[in-house]
Amino acid sequence: MNSLLPKKGRLLIAEPSILNDNSFNRSIILLTEHTKKNSIGFILNKPLSFTVHDLVPEIDCAFPVYQGGPVEQDNLYFVHQVPELIPDCVEVANGIFWGGNFDALKELLNNQELKTSDIRFFLGYSGWESNQLVDELKTDSWFISENNYSNIFATDNTTIWKNKLLEKGGKYKIWANAPSDIQLN
């Protein structure tokens, strides 16, 4: 089993063995909650074809929206690093915050006071009940990594999964350069 345990602020990296899982294939998930009862996180590297304005027309903002996970995909969530601008947020870890006052957020976005490197939006989230995530770690569906990025929102979502596999090394180096559709190989 993985040497790191699930913890808020850590990253879940999809094992290459789950290539056939459409929701989580090549995913990097930021864990925003991990307790004995549940775990919650957001997929960081799966942008959708929507912008914030597409989903909330009163917000004049073209920031991309990401697939957060398969749970509650009709809800918009956000994670950011500007708690001084968005009150009522919850610190996840290391200067990353979840949610906050939506009216304040709308005003900031409409006044163009935020950058895409400050915040990320998600449709849905990834969730696990009680010991479900621990069981998935035991069956090698995921491995855990520290979030060692100075700004996770500024990372290149097209290479973050590959880079985490290269960082892990060993057998993972082979998978890092495999095509996304393994049958094309």
Requested in this report: Report, as a whole number in µm² per second, the diffusion coefficient that Stokes-Einstein gives for segment 105-161 at 20 °C and 1.002 mPa s using the Kirkwood radius over alpha carbon pairs.
Outcome: 147
Report task. Compute the distribution of all C-alpha to C-alpha distances in the chain, in bins of 10 Å from 0, and list the percent of pairs in each, rounded to whole numbers. Result -> 9, 37, 35, 15, 3
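Averaging sequence separations of C-alpha pairs under 8 Å and six or more residues apart, then dividing by the length of segment 1-157, give the relative contact order as a whole percent. Intermediate values should be presented prior to the final figure.
Values: 326 pairs, mean separation 47.5, N = 157.
Reported as a whole number, the value is 30 percent.
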**Report entry** q = 0.12, 0.22, 0.24 Å⁻¹: log10 I(q)/I(0) that the Debye formula gives for segment 17-84, counting C-alpha atoms only
**Finding:** -0.39, -1.09, -1.20
Requested in this report: Give the Kirkwood hydrodynamic radius (Å, one decimal) of segment 32-125, defined as one over the mean of 1/r across all pairs of different Cα atoms.
Outcome: 13.5
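The numbers here are math on the coordinates, done by the rules we state, and not lab data. Please read these numbers as outputs of a predicted model, since none were measured by experiment.
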